[in-house]
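Read through the structure below, which is laid out as structure tokens, and then see the notes.
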Protein chains: 2
Amino acid sequence: MIERLAIIGVGLIGGSLARALRGAGAVGEIIGCGRSVENLELAFDLGVIDGCTRDPAVAVEDADMVFLAVPLGAMRGVLERIKGKLREDAVITDGGSVKGSVIADAAAVFGEVPARLVPGHPIAGTEHSGVGASFPELFHNRRVILTPLPQTAPDAVDKVRAMWQAAGARVTDMDVAHHDAVLAATSHLPHMLAFGLVDLLARQHDNQEIFRYAAGGFRDFTRIASSNPVMWRDICIANAEALSAMLARFGEEMTDLAETIRRRDSEHLLEIFTRAKTARDAYVDGVVPPGEPS
Amino acid sequence: MIERLAIIGVGLIGGSLARALRGAGAVGEIIGCGRSVENLELAFDLGVIDGCTRDPAVAVEDADMVFLAVPLGAMRGVLERIKGKLREDAVITDGGSVKGSVIADAAAVFGEVPARLVPGHPIAGTEHSGVGASFPELFHNRRVILTPLPQTAPDAVDKVRAMWQAAGARVTDMDVAHHDAVLAATSHLPHMLAFGLVDLLARQHDNQEIFRYAAGGFRDFTRIASSNPVMWRDICIANAEALSAMLARFGEEMTDLAETIRRRDSEHLLEIFTRAKTARDAYVDGVVPPGEPS
């Protein structure tokens, strides 16, 4: 049970966690903090938060749990602002899509990464932003990855794990660098391809016509290109090494594929598409290796 | 009204057209033709077709409308088989995703492209195959592009247009090369990216783990990678020039984007993502230029 939860950034992720925890009876009071008064008022009107402030230092007063749900580029500023204002036993966690940068920010602000800071990442979201898009089931059966460090206090990890479980999520631990590499592949890279494709087509002079003849596959494929540009700029910069490496590799793959098509190498094309279809169908069927609860 | 419709290839597209036309009372008898006896039996049991044969030459006997819904690589063989077996007034049309190759096949088989052949392409589909996946609403409000040639008989074009309209589609005409370029951008390229991404990840040694941590965005993004590999191999080869050019260009874009990320060029990243989000949101909102019915 969390007595007082401070949520810094009451958007899709912060708002959905608040709603899930309240629905589960797992939280006493929820204080929301954000830059937009309008969004905070909406959060209050929707019953997502019990009180609000625009100042993170005020929000964290007396909070036993602090959840940072701001874009990665805003993490350091928030940490600077709440430094010295926290309850001694307060646990801090975050929802950033890159963990290395949050840890680096915390080390820079606090001198070393605090023992009661538990870096975390809920693998959930939609292309929409703001508290109006939040809903309590967002984390149901979704994975949350925690990346505790050697100095992280076990009871703080337990408390964060319990919080996400109360929200319906399945929690696993992972090494920081491994998390950032896996997410570069499964989330950051696809977002770059979707943004890149839509941008390429939008820049063509006949772009209106191109979009007019786009079918349902295009709509699904590009859904993630409607995501928040600021959030994704921050993710790119925070995970620049892993992501740019994946992206360069993908670029080479596409250059090779273009050459395979130009050569009309029927056999090789069929091999690639069959391997991809098999992997994708298995993924959708939820095939997981033995010993892994699905 | 079509008296007797021969559908060569009773899969998702052929089966859905049969169901739509029957629902609209726009067809008398439907003869299905395909290589898989099992699929034909299913089509018959589902009431999609009234009769069936594995021989295209038999299927087209007495048909006033012939719809070719086979993979592009099978078009030429079917045309060879039905040559000389058609009713004199029979109209032939097809559902191939590339029009230049179908026209080239027809020219090769018939000496010149027959006046009663109307090349067409319904911009609709799902990632599933076979008559079991077909449904009568597939073409509702979807675009069908016809690419008649100068020698194409106007009354044949009218008959094909009326058929698609009866199935609920919106029909437009387009130049052959333009069709193939537009589709390379909006459909063929996205499929290559989805197949390529899944294949790249499937080939990584920790692929099970990578797929395990994939979120909802990944599922949508890669849906089209579950499409029929044979059909897509054929599309690549049929549209090799336009598609390989688009793909090579996209590969360069991704190499540039990797460099922009590596440079941590915040401003340029935000510009790309914002432009893409704006275009994608406008596409979803159905923004079309003045004069274009939406």
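Restricting attention to region A:110-144, the residues that are in a helix (DSSP H, G or I) and surrounded by fewer than 18 Cβ atoms within 10 Å (Cβ to Cβ) total 3. Can you spot a residue in region B:251-269 that is surrounded by fewer than 21 Cβ atoms within 10 Å (Cβ to Cβ), touching a His at 6+ places or on another chain (Cβ under 6 Å) and modelled with pLDDT of 90 or more? Yes; the residues of region B:251-269 include at least one that is surrounded by fewer than 21 Cβ atoms within 10 Å (Cβ to Cβ), touching a His at 6+ places or on another chain (Cβ under 6 Å) and modelled with pLDDT of 90 or more. Flag: A:Ala43 matches the condition of being touching a Gly at 6+ places or on another chain (Cβ under 6 Å) and buried (at least 16 other Cβ atoms within 10 Å of the Cβ).
Output the residue which, of all residues in region B:99-109 that are surrounded by 21 or more Cβ atoms within 10 Å (Cβ to Cβ) and away from chain A (no Cβ under 12 Å), is farthest from B:Ile2 (Cα to Cα). That would be B:Asp105. Remark: A:Gly34 falls outside the filter, which requires a residue to be in contact (Cβ under 8 Å) with a residue 12 or more places away in the chain, more than 25 Å from A:Gln151 (Cβ to Cβ) and either surrounded by fewer than 24 Cβ atoms within 10 Å (Cβ to Cβ) or touching an Asp or Glu at 6+ places or on another chain (Cβ under 6 Å) (or both). Within region B:170-190, if we keep just the residues that are away from chain A (no Cβ under 12 Å) and outside any helix (DSSP H, G or I), the residue that is surrounded by the fewest Cβ atoms within 10 Å (Cβ to Cβ) turns out to be B:Asp173.
A:Val287 meets the conditions (1) assigned to a loop (DSSP other than H, G, I, E, B); (2) at the interface with chain B (Cβ under 7 Å from one of its Cβ atoms); (3) at pLDDT below 95 in every case but one. The failed one is (2). Residues that are in contact with a Gly (Cβ under 7 Å, 6 or more places away or on another chain) and of a type in the set (Asp, Glu) occur at least once in region A:86-101. Checked against (1) surrounded by fewer than 24 Cβ atoms within 10 Å (Cβ to Cβ); (2) of a type outside the set (Gly, Ala, Ser); (3) at the interface with another protein chain (Cβ under 8 Å from one of its Cβ atoms), B:Asp158 passes all but condition (3). Quick check on region B:86-98. Is at least one of its residues modelled with pLDDT of 95 or more and on the phi > 0 side of the Ramachandran plot? The answer is no, given that none of the residues of region B:86-98 is modelled with pLDDT of 95 or more and on the phi > 0 side of the Ramachandran plot. When B:Arg275 is tested against the conditions (1) touching a residue at least 40 places away in the same chain (Cβ under 8 Å); (2) in contact with an Asp or Glu (Cβ under 6 Å, 6 or more places away or on another chain), the lone failure is (1).
Among the residues of region B:211-239, those identified as crowded, with 20+ Cβ neighbours inside 10 Å, farther than 25 Å from B:Arg280 by Cβ and among the hydrophobic types (A, V, I, L, M, F, W, C) are B:Phe211, B:Met231, B:Cys236, B:Ala238. Pairs meeting the criteria (first residue in region B:39-60 and of a type in the set (Ser, Thr, Tyr), second residue at pLDDT 95 or above, beta carbons under 6 Å, at least 6 apart or on different chains) are B:Thr53/B:Cys33; B:Thr53/B:Ala59. Scanning region B:102-124 for any residue that is at positive phi and at pLDDT below 95 turns up nothing.
The values are calculated or read from the model by the stated rules, or taken from the named source; none is laboratory data. Note that the structure is a prediction, hence the values are computed from the model and not measured. Cβ coordinates were reconstructed from backbone atoms using ideal geometry, including for glycine residues, and neighbour counts include every protein chain displayed.
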